[in-house]
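As structure tokens, the structure follows; a few thoughts come after it.
The values are calculated or read from the model by the stated rules, or taken from the named source; none is laboratory data. Note that this is a predicted model, so its numbers are computed, not measured. Glycine also receives a Cβ, built like all others from the backbone with ideal geometry; neighbour counts cover every protein chain displayed. What goes into the accessible areas is simple: the full protein's heavy atoms, side chains included, and nothing from ligands, DNA or RNA. Shrake-Rupley method; radii C 1.70, N 1.55, O 1.52, S 1.80 Å.
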Amino acid sequence: QVQLVESGGGLVQAGGSLRLSCAASGRTFSSYGMGWFRQSPGKEREFVAASTRSGAHTDYAESVKGRFTISRDNAKNTLYLQMNSLKPEDTAVYHCVAASTGWGIGAKYDYWGQGTQVTVSS
């Protein structure tokens, strides 16, 4: 098993930046495909970004391409999401997720963090 704890959320003005972190503990971090999902009130959970186990390959939702960057530091057991040029529609709770097999939008994510709130004001 792996435990995931997100941090770094907050309130930011449109056009600003935030960096989310996800600290993992438990089983070896590098054995998981990792990702970020988000959910806002009244909307379905949405895939944001994903990374392979090594971090060599990444994937993004069209809505965040060119603005968000997912990365991981396997030595520090930490996943990151750098978010630039934030928009009010990016407002959501962001969850860090881990998949025992596979990666990307279609993977089965076995583990979810509690989430961190990101609010973007206009």
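Looking only at residues that are open to solvent by 60 Å² or more (accessible area, probe 1.4 Å) and out of contact with any Asp or Glu (no Cβ under 8 Å at 6 or more places or on another chain) in the range 26-45, which one is farthest from residue 72 (Cα to Cα)?
42
Okay, residues lined up against (1) closer than 17 Å to residue 17 by Cα; (2) not hydroxyl-bearing (Ser, Thr, Tyr); (3) not in a strand (DSSP E or B):
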position: 82; (1), (2), (3): yes, yes, no
position: 86; (1), (2), (3): yes, yes, yes
position: 96; (1), (2), (3): no, yes, no
position: 101; (1), (2), (3): no, no, yes
position: 104; (1), (2), (3): no, yes, yes
position: 107; (1), (2), (3): no, yes, yes
position: 114; (1), (2), (3): no, yes, yes
position: 117; (1), (2), (3): yes, yes, no
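Under 11 Å from the mean Cα position of the chain (by Cα), among the hydroxyl-bearing types (Ser, Thr, Tyr) and surrounded by fewer than 20 Cβ atoms within 10 Å (Cβ to Cβ): does that describe residue 58?
Details: under 11 Å from the mean Cα position of the chain (by Cα): no; among the hydroxyl-bearing types (Ser, Thr, Tyr): yes; surrounded by fewer than 20 Cβ atoms within 10 Å (Cβ to Cβ): yes.
So residue 58 fails the test.
Going through 72, 53, 19, 38 one at a time, which residue ends up being part of a strand (DSSP E or B), basic (Lys, Arg) and farther than 12 Å from residue 118 by Cα?
Residue meeting the stated conditions: 72.
Tell me, which residue of the range 1-16 that is of a type in the set (A, V, I, L, M, F, W, C) and touching a Gly at 6+ places or on another chain (Cβ under 8 Å) is farthest from residue 119 (Cα to Cα)?
Step by step, filter the range 1-16, then rank; the result is 2.
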Exercise for review: Take the range 70-110 and flag every residue that is open to solvent by less than 60 Å² (accessible area, probe 1.4 Å), at pLDDT 95 or above and among the hydroxyl-bearing types (Ser, Thr, Tyr).
Suggested key: 71, 78, 80, 91, 94, 109
